[in-house]
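To start, the structure itself, in C-alpha cells.
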Amino acid sequence: MARPLAGALAVVGVAVLLRLDVPHVPGGVAGARLGSSPPVRPAKGPCVLRADRLVLRGARFRGVVSVRTGAGSVRALKFTVRSLDAVNLDLTAGRGRAAMRLRARPATTATLKGQGAGGVATLYVRKLTGRVTGLGGSPLPADRTVSVTPDAVPRWLSHPATRTRTITLVTATASQLTQFGGRLSIRGPQLRTTARVPRGA
C-alpha cells in the first residue's frame, strides 16, 4: 500500500520542495496535495528528481516561463501532465550537509496524479535529461539522448502542432523541479539526510 509522503516530508523539512496540505484519504492511502499559488521555490537549495523510467502522461509543453524563487526570478520549462510515473524514484532537496534524500522502495513506481477541475499537475523544471523511448506514437528523435533546458528546447517538444501525449524517458533527471496541483503517492519511502555527525560528537 502506498504510504503518506506528505507527513514524512514535513517531519524532516523536505517541504523546501513542496508546500503541503495533507488530506485524509479513505482506505489508508494518502499523498501530498500541492498548493495552487504562483510557483515559488524556497531558497534552501535545488531539488532534483531521478528515476530509472519517467512517464509523463497527457503531457503538454507550455513553453519557457519565469519562475520566482527566494533568490530571484529564473527561467524554467513548464509542463502540464495528467499523471507522472517515476520508477525507482530518487528525490534530493537541498545541497551539501543540508540535503535530504527520499527514495522509493526498489522496483516500485511513485505516481503523481493531477487534481482539480482540469485534472492536471503543473511542473516547472530547469533541466530535463534522459533517453527518449516514447512520444505517444510520434516518431522518436534522431538523437534520443536529450538535455532540455530553457535555452535548448528540441523541436519535437516545442513544435506548435504538438498535441497532448505521453512522453517516456529512461535514466531521467529533472533538475530544480517545482510541482503544483497534484497528489503524489510513493511505496516504501526511505528518507535520510546527507549530513554526517563528526566522530566523537
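The values are calculated or read from the model by the stated rules, or taken from the named source; none is laboratory data. No experiment lies behind these values; they were computed from the predicted model shown. Here the Cβ is made from the backbone with ideal geometry for all residues, glycine too, and neighbour counts use every protein chain on show. For accessibility, only protein heavy atoms count, side chains too; no ligands or nucleic acids. Shrake-Rupley method; radii C 1.70, N 1.55, O 1.52, S 1.80 Å.
Structural remarks
- Residues of the range 71-88 that are touching an Asp or Glu at 6+ places or on another chain (Cβ under 9 Å) and outside any strand (DSSP E or B): Asn88 alone.
- Among the residues of the range 140-161, those identified as out of contact with any helix residue (DSSP H, G or I) (no Cβ under 6 Å at 6 or more places or on another chain), surrounded by fewer than 16 Cβ atoms within 10 Å (Cβ to Cβ) and under 24 Å from Asp52 (Cβ atoms) are Leu140, Ala142, Asp143, Arg144, Thr145, Ser147, Ala152, Pro154.
- Just one residue in the set Arg105, Arg101, Arg53 is closer than 20 Å to Val132 by Cβ and at pLDDT 85 or above; that residue is Arg53.
- Selection status of Arg95, open to solvent by 30 Å² or more (accessible area, probe 1.4 Å) and modelled with pLDDT of 95 or more: no
- Just one residue in the set Ala76, Ala117, Ala121 is over 22 Å from Gly188 (Cα atoms) and open to solvent by 60 Å² or more (accessible area, probe 1.4 Å); that residue is Ala117.
- For the range 137-152, residues that are without any contact (Cβ under 8 Å) to a residue 40 or more places away in the chain and either of a type outside the set (Asp, Glu) or in contact with a strand residue (DSSP E or B) (Cβ under 7 Å, 6 or more places away or on another chain) (or both) total 11.
- Any strands (runs of 3 or more DSSP E) falling wholly within the range 115-201 and containing at least 3 residues that are within 16 Å of the chain's Cα centre (by Cα): 121-125, 127-135, 165-175, 178-180, 182-185
- For the range 98-114, filtered to residues that are assigned to a strand (DSSP E or B) and open to solvent by less than 50 Å² (accessible area, probe 1.4 Å), the residue that is nearest to Val81 (Cα to Cα) is Gly114.
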